[in-house]
Structures are given as structure tokens and as C-alpha cells.
Amino acid sequence: AIRRQRQMCIRDSTSMKQHCPKASFFPKGKGRCHGVSRDGGSSRKERVQMSLPYQGKLIPRAKELRKDATKQENHLWYDFLRGYPMRFQRQKTIDGFIADFYCHVARLVVEVDGSQHYDEQGLAYDKERSAIFAEYGVKVIRFSNLEIEQSFQEVCSAIDLEVRKRVQELEDTPSVKA
């Protein structure tokens, strides 16, 4: 059974800094609290949907994956994404899948791929999964374990660049629901 949950965040633009330290990521006057405004941020209060559809039966598996994360996933999480100015979630359930890392504000999934993702079956599965995520307006970017190990700063820069690009795209596209 698919359980749909909506978490809302109400923000008051006059007291946003006290409410949300992540707001400092955006230029002055362009702050958002856990989401992108559909009207360009002109309203004093707004509601932002925080959840995508997911299957509740996957939650225990997601928790297990968090505990048993690979060395590369832990490196990316503890040394970059956990302290990133916008919230990322680890092992986020989306529809019938579990994404390695998900940023709702940017509607972005970051995947860390091991060798199993590079055989024919793994590539087909990842392609199907990315297409389903795209139906929800979620973009997927992928990095190999080797990239995390050998080019960590470049991976972090690429993620930061993609988050900023996606946030700007979502702000410029009022038809996209955040």
C-alpha cells in the first residue's frame, strides 16, 4: 500500500533566519525555507509540499541501508552532504525505490554507484528508475565509487553546481510544484 504523507513548512519571511538557518544559502531577499516558492517568494507565508509518494514497506530497508552504507556513501554523507546548506536525506524512499541521497529543495537525487550498476541489468534498472523519478520532476545524478575515492572535491563541486542550477530552474518555472 502506498502511503502518501504531506509535511508542510510554513515560513514567515520576516523571521526566516531564526526559523531556518539554511535560508542563508540564498541571496538576500531570495530566501526559501525547505522549498521553492511557486510565486517567486512574494507571499509572506507559503506552504511547501515536502514528500513524494513512497511505499511504507520500504522504510525498514532504507533504515538498514543507512546503517550498512558503503565507505563511499559515508564519505559523501559525513564529509559533505550532512553539512550542506540545503537538507539532503539519506536512503530516501521515492515511489517503489530507495535513492541514496535526496534534496527536496532541488528535487535532486544523488546516486553512488558500485560495480553492480555497470552491467547490462544494472544499467537497464537505473535507466527505468531515473525515468520514474523524472515523472516526479526529480533529476538523478550519478557518481561511481571510484570518483568518490579519487576525485572527492570535484564530486562535491558537481553536486553543488547541480543543486544551484536546479533551484534556479525551479524558481524560473512556476508550473513545477515544489
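The values are calculated or read from the model by the stated rules, or taken from the named source; none is laboratory data. Source: prediction; values computed, not measured. In this analysis, Cβ positions are derived from the backbone assuming ideal geometry, glycine residues included, and neighbour counts consider all displayed protein chains. Please note that ligands, DNA and RNA were not included when accessible areas were found on the heavy atoms of the full protein model with its side chains. Shrake-Rupley method; radii C 1.70, N 1.55, O 1.52, S 1.80 Å.
Across the accessible surface of the range 89-178, with the other protein chains kept in place and a 1.4 Å probe, carbon and sulfur atoms take up 50 percent. When the alpha-carbon atoms of the range 76-116 are used, the pair Rg, Dmax equals 10.5, 31 angstrom. The phi-based Karplus calculation (6.51 cos²θ - 1.76 cosθ + 1.60; θ = phi - 60°) puts the 3J(HN,Hα) values of the range 159-172 at 5, 4, 4, 5, 4, 4, 4, 5, 4, 5, 4, 5, 5, 7 Hz, whole numbers, x for Gly and Pro. Working from the Cα coordinates of the range 73-146, the gyration tensor eigenvalues give, after taking √(5λ), semi-axes of 20, 16, 9 Å in decreasing order. Report note on the peptides 92-98, 65-71: ranked by the mean count of other C-beta atoms within 10 Å, highest first, their order is 92-98, 65-71. Amide H contacts for ARG142 (H built 1.01 Å from N in the peptide plane; partners 5 or more residues away or on another chain; cut-off under 5 Å): GLU111.
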